[in-house]
1. Let me check against my output: what whole-number percent is the relative contact order of segment 88-214, with C-alpha pairs under 8 Å and at least 6 apart?
2. Starting from the exponent 0.38 and prefactor 2.2 Å, build the expected Rg for segment 235-371 from its residue count and divide its actual Cα Rg by it.
3. Expressed in nm², what is the orientationally averaged projection area of the convex hull enclosing the Cα positions of segment 95-240?
4. Note down the nm distance, to one decimal, between modelled labels 7 Å out along Cα→Cβ at Glu10 and at Ala305.
5. Note the per residue figure in Å³ for the convex hull of the C-alpha positions in segment 1-85.
6. Report the gain in length on full extension from Tyr243 to Thr415: 0.36 nm times residue separation, minus Cα-Cα distance, nm rounded to one decimal.
7. Considering only DSSP states other than H, G, I, E and B, which GluC sites (Glu not before Pro) in segment 2-52 qualify as loop sites with at most 13 other Cβ atoms within 10 Å?
8. Pulled fully out, how much extra length does the chain show between Leu128 and Leu360, if you take 0.36 nm times their separation in residues and subtract their Cα-Cα distance?
Amino acid sequence: MGETIWLRHEAQPGEAFASSVAASSDGQALYTASARGSTGGPHTASGSDARFVISRFSVAGQVQWTREFPLVASVGTPPEDVWGRLFLSVGPTGDLYLLTEVHEGSVNLGSGPLSGLHVSRMTPSGELQWSSSFSSIPEAALALVASREDGVFVSVRATYPYSPERQCSLMEGAIYRLAPSGEVLWRTRVGEPQCNGYRADAVSLAAQPGGGVALGGSFFGVLQTPIGTFSSSVGSPFLATLYPDGRWSWLKAFPQSHGEVTSIGLSAKGTVVGAGVLRGGEFSWGNDSLGEARSFLFVAESTGAPRWAKSLGRTEQPVVAVEPAGRVVVAGLSRDFPTPAPGSTDPIQNPHLFARRFNLEGKLLWNRFFIRSGGPGELFKEQVVSAAPSGEGNGNTLLFGQFSHTEDFGKGPLTPVGTDTFLLKLGPGPEF
C-alpha cells in the first residue's frame, strides 16, 4: 500500500522549504530544488542566509551532487530584505530548467548576478548553459515545466505601470514558451488585463504530448479568452490547454466555485489530471457533483471532456503525480484523521501529510497517512510541495516537501531541526 522505499532528510540550520522534484525520463537521475533562509515558504527563501539549493540523487536516493547559490542583497539594502523564488523542471534530454525570481538582491548561477525574473538551463551535472531575462515588464513567477519537445513553459503574473487613465495598475496572467536556446517563441495572456487586483493565475503547468501545455489555477473578476469568457467575484478554479503555438485549445472554468486548481499532470495520451481546493460553493464535473468537498481530484480527456471527480475531504494544497498510463498519486495535508477509521475526525484538528493512489478509472488503490506528533501544524511548514513519477516506469512516486514536527514517513519517527525538507520514494502497491 504505497510502502516507503527510501527517505532522505538533511537537517540544515535555518528554515528549508521545498520547491520542486523531478526525474529524468529513464529514472536514473532525480533532482530537487529547495530554498533556505531565515523565513520563507514553498519555493521561497528570504533573509540574510537565503540561498537556492539544487541536488541530484541516484535512483537509490544517494546524493550525487549539491549546488548552493546564495542570495546577495543589493548595495544599501539590509541583508534580511533579500528574497527569491525558485522552480525546477527536467527536459527530455536530461537538462535542467530553472525559473528564478530575486528581489532586493541577486543570485549568481555561474555567469554573473541575476536580479528579477530569469529562466536558466543547466546540464545534468549542474553546470550553467545560459540564463535568459525573458520579461520586459514586472512579472512574478508562478510555475515552470519543460516541454516534451524541449524548451520550457513559464507561468507569470504581470503588473503594468500605473495607468492615470484607468487609475490602477493593470494585472494579468501570462504563459511564455521559450526555445531550448532561451529565445521567447510566444507569450499568451491568461485573460485580459484588469484593475483592482483581478487576474487569472496559472499556478500549475503540465507538458502535453506534441508540444502543447496544460494549465490550472484560479481567476478573479473576468477570465476573457478567445474561446470563452467567465466571471467570478470570489476567485474560482479553471483548467485549460494551449496548442504548441500558444493558441487556446480548450478552457473549463467553475465560476460557481470558490477555490483553485492547485496541481495538474498529464498521461502519455494527454489525459489531464487535476487537484484543487474549495473554500465555498460546489465542484461539478461531468456526472459528479462534490458539494461538500473541501478539496477534489478530477480527470479530463485530452479534449477537455469530463471523465470523473473524487472528493479528497478536508485537504490543503493537494499535488498530483501522474504516470504515463494515467494512474495518479495525490498528496497533501489532510485534516481527516486516519484512525480509528479513514475519514473520521480528529478532535484537535491535527493535520497529517498523506498520499493516495487511484487507477485510471478512479478506483482508490491505497491511502497512506504519515502520522505527525505535536501540533497544530502551520500551513506551508507541513506540506508536500511537489510530486512526480520516479521515471522508472514501475509505479514508484517521489514526494518532496517540508515538515516542522516529528513525523513518521515509514522509517520510524523523524524529528526536524526547524523546518526541514524531506524526499520520499513510495512504491506502487499491489495493483500496478
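The values are calculated or read from the model by the stated rules, or taken from the named source; none is laboratory data. These figures come from a predicted structure and were not determined experimentally. With ideal geometry, Cβ positions are generated from the backbone for all residues, glycine too; neighbour counts draw on all protein chains shown. These accessible areas exclude ligands, DNA and RNA; they are computed on the full protein's heavy atoms, side chains included. Shrake-Rupley method; radii C 1.70, N 1.55, O 1.52, S 1.80 Å.
1. Working: 314 pairs, mean separation 25.4, N = 127.
Averaging sequence separation for qualifying contacts and normalising by length gives 20 percent for segment 88-214.
2. Working it through for segment 235-371, the quotient is 1.05.
3. Orientation-averaged projected area of the Cα hull: 9.6 nm².
4. So the label points at Glu10 and Ala305 sit 4.8 nm apart.
5. Dividing the Cα hull volume of segment 1-85 by its residues yields 105 Å³.
6. Residue separation times 0.36 nm, minus the Cα-Cα distance, leaves 57.3 nm.
7. In loop regions of segment 2-52 (DSSP not H, G, I, E or B), the sparsely surrounded GluC sites (Glu not before Pro) are Glu3.
8. 79.6 nm
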